[in-house]
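**Student:** First the structure, which I've put down as structure tokens, then a few questions once you've had a look.
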Amino acid sequence: MKTLKFSNNHKMPAFGLGTWKSAEGEVYNAVKTAIKNGYRHIDCAAAYGNEAEVGKALKEVINEGVVTREELWITSKLWSNMHAKSDVIEAINKTLTDLQLDYLDLYLIHWPIAQKKEVPFVSKVEDFIPLKELPNELTWEGMEEAVAKGLTKHIGVSNFGPKALKQLMASANIKPAMNQIECHPYFQQNDMLAFCKSHGIHVTAYAPLGSGDRAAKFKAEDEPVLLKDPVILNIAKAKNASAGQILISWALHRGTSVIPKSVNPKRIVENFEAQAVELSQTDMDEIAALDKNYRFLTGEHWVYEGSSYTLESIWA
Ligand code: NDP
Ligand code: 1BO
């Protein structure tokens, strides 16, 4: 299993299980199946609304002796309505209670966006807190406090562009260890990867298979289907692998962590086995040519007329 090494020598399994959109009644089995088949890294978030069920599965596999807590790498994320410095500890404690854990391995600021505490999901411009009133740097102080209290081993961010990262690092006492971002052959993020590497920040690639099961309202009518790309399918055929396995292997070959979501037992195992799929330089070059700067998660759900958050400011 490939690992990413942190500055304190802790090692994160590069391959993990995504849990966004893993529905109630499904995520419990998915997490248990995954861990029983070798997964050691689970990607969670308060916003996914399923951490309690993930926690039930984690507790059981630990109690059954399948795995120890120390062998697992559990990531979770701070939702945007808990960005006030004083709310971060409340948020991580709730996540720890739901996951039935004493500590997280990694805690991320989910988005560089602040919204009012009483509004779990925004639906109008008044639901936001402008970034100048509650900058990410203040939220980061709460994240650092979570480390000091032993509630998480590492902290990082998600969906941060270079501008937001630079601003955060300027005042941070603990440097962000991770940026979790969309990354796949149609959106390769070469500049972002280089930026993160130059600052010693690891990258986790989300939506590595094209995030197929998003609600229809978030999909463009002409959305390309990564899993059906002819180049990916050709490489898969030549290696007797699946398209999903090629996409996962590609992410690992680039040195990123990768967290495909599945609730299907067969695909959970198939995705794990992608770690054994080798890609040649020719394969990597062919996939490199597929980049079309195409985001599946555009961020448009954050944009409201009159808001200080624009797509340009979010991804800058
Ligand atoms: P993925 O790219 O992982 O795609 C998931 C979809 O692919 C599901 O429909 C799944 O269906 C299907 N699938 C899984 N394995 C295969 C396979 N081998 N062959 C064909 N289809 C397959 O999308 P996500 O958006 O879920 O991204 C992965 C994870 O990244 C999330 O679950 C979440 O943990 C994280 N994430 C983080 C974000 C952030 O803002 N930080 C944003 C988006 C994602 P099925 O379940 O039926 O197998
Ligand atoms: C709910 C936010 C997008 C997935 O992380």
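**Student:** Condition first: small (Gly, Ala, Ser) and either surrounded by 19 or more Cβ atoms within 10 Å (Cβ to Cβ) or touching a helix residue (DSSP H, G or I) at 6+ places or on another chain (Cβ under 9 Å) (or both). Now tell me which residues in the range 111-169 satisfy that.
**Tutor:** The answer is Ala114, Gly142, Ala146, Gly156, Ser158, Gly161, Ala164.
**Student:** Can you tell me which residue within the range 1-54, out of those that are β-branched (Val, Ile, Thr) and over 28 Å from Ile201 (Cα atoms), is surrounded by the fewest Cβ atoms within 10 Å (Cβ to Cβ)? Explain how you work it out, then say what you get.
**Tutor:** In the first step, residues of the range 1-54 are kept if they are β-branched (Val, Ile, Thr); the result is 3, 19, 27, 31, 33, 35, 42, 54.
Okay, now just the ones that are also over 28 Å from Ile201 (Cα atoms), so 27, 33.
Details: Val27: 27, Thr33: 20.
Residue satisfying both the conditions and the ranking: Thr33.
**Student:** Let me ask you something else. Give all pairs with beta carbons closer than 9 Å in which a residue from the range 250-269 that is under 18 Å from Ser211 (Cβ atoms) and more than 9 Å from ligand 1 (Cβ to nearest atom) meets a residue that is modelled with pLDDT of 95 or more and acidic (Asp, Glu); count only pairs at least 6 apart in sequence or on separate chains.
**Tutor:** Cβ pairs passing all conditions: Trp250/Asp283; Ser257/Asp43.
**Student:** Any residue in the range 17-33 that's touching a residue at least 24 places away in the same chain (Cβ under 8 Å): show its pairings with residues that are more than 10 Å from ligand 1 (Cβ to nearest atom) and in a loop (DSSP other than H, G, I, E, B) at Cβ separation under 7 Å, as long as the two are six or more apart or on different chains.
**Tutor:** Leu17/Tyr39; Thr19/Asn50; Ser22/Asn50; Glu24/Asn50; Val27/Asn50
**Student:** Please enumerate the residues belonging to the range 16-54 that are more than 16 Å from ligand 2 (Cβ to nearest atom), modelled with pLDDT of 95 or more, outside any helix (DSSP H, G or I) and closer than 17 Å to Pro265 by Cβ.
**Tutor:** Within the range 16-54, Glu26, Asn37, Gly38, Tyr39 qualify.
**Student:** Condition first: touching a Pro at 6+ places or on another chain (Cβ under 8 Å) and at positive phi. Now tell me which residues in the range 58-91 satisfy that.
**Tutor:** Passing the criteria: none in range.
**Student:** Also: Give the residues of the range 82-100 that are part of a loop (DSSP other than H, G, I, E, B) and surrounded by fewer than 22 Cβ atoms within 10 Å (Cβ to Cβ), sorted by residue number.
**Tutor:** Residues satisfying the conditions are Ala84, Gln100.
**Student:** Same structure, new question: Out of all the residues in the range 262-281, which are of a type in the set (S, T, N, Q), assigned to a helix (DSSP H, G or I) and crowded, with 21+ Cβ neighbours inside 10 Å?
**Tutor:** Once the filter is applied, which keeps residues that are of a type in the set (S, T, N, Q), assigned to a helix (DSSP H, G or I) and crowded, with 21+ Cβ neighbours inside 10 Å, the range 262-281 yields only Asn271.
**Student:** If we scan the range 253-261, do we find a residue that is within 16 Å of ligand 2 (Cβ to nearest atom), of a type in the set (Gly, Ala, Ser), assigned to a strand (DSSP E or B) and under 29 Å from Lys5 (Cβ atoms)?
**Tutor:** The answer is yes, given that some residue of the range 253-261 is within 16 Å of ligand 2 (Cβ to nearest atom), of a type in the set (Gly, Ala, Ser), assigned to a strand (DSSP E or B) and under 29 Å from Lys5 (Cβ atoms).
**Student:** Looking only at the range 60-114, count every residue that is in contact (Cβ under 8 Å) with a residue 60 or more places away in the chain, within 15 Å of ligand 1 (Cβ to nearest atom) and of a type in the set (A, V, I, L, M, F, W, C) and tell me the total.
**Tutor:** Of the residues in the range 60-114, 6 are in contact (Cβ under 8 Å) with a residue 60 or more places away in the chain, within 15 Å of ligand 1 (Cβ to nearest atom) and of a type in the set (A, V, I, L, M, F, W, C).
**Student:** Out of (1) part of a helix (DSSP H, G or I); (2) under 15 Å from Leu209 (Cβ atoms); (3) in contact (Cβ under 8 Å) with a residue 24 or more places away in the chain, what's the single condition that is false for Met284?
**Tutor:** (2)
**Student:** Filter the range 55-81 for residues that are within 14 Å of ligand 2 (Cβ to nearest atom) and part of a helix (DSSP H, G or I); which is surrounded by the fewest Cβ atoms within 10 Å (Cβ to Cβ)?
**Tutor:** Asn81
**Student:** Which pairs do you get when a residue that is under 17 Å from Phe296 (Cβ atoms), found in the range 176-193, comes within reach of a residue that is within 13 Å of ligand 2 (Cβ to nearest atom) and of a type in the set (Val, Ile, Thr), reach meaning Cβ atoms under 7 angstrom, with the pair 6+ apart or on two chains?
**Tutor:** Listed pairs, sorted by first residue: Gln180/Thr204; Gln189/Ile181; Met192/Ile181.
**Student:** Now for a different question. Hey, does the range 222-243 have a residue that's within 20 Å of the chain's Cα centre (by Cα), in a loop (DSSP other than H, G, I, E, B), away from ligand 2 (no atom under 16 Å from the Cβ) and over 19 Å from Met143 (Cα atoms)?
**Tutor:** no
**Student:** Being in contact with a helix residue (DSSP H, G or I) (Cβ under 6 Å, 6 or more places away or on another chain), in contact (Cβ under 8 Å) with a residue 60 or more places away in the chain, crowded, with 20+ Cβ neighbours inside 10 Å and not hydroxyl-bearing (Ser, Thr, Tyr), is that true of even one residue in the range 217-240?
**Tutor:** Checked the range 217-240: no residue is in contact with a helix residue (DSSP H, G or I) (Cβ under 6 Å, 6 or more places away or on another chain), in contact (Cβ under 8 Å) with a residue 60 or more places away in the chain, crowded, with 20+ Cβ neighbours inside 10 Å and not hydroxyl-bearing (Ser, Thr, Tyr).
The values are calculated or read from the model by the stated rules, or taken from the named source; none is laboratory data. Since we're looking at a predicted model, the values are computed, not measured. Backbone-built Cβ (ideal geometry, glycine too); neighbour counts: all protein chains shown.
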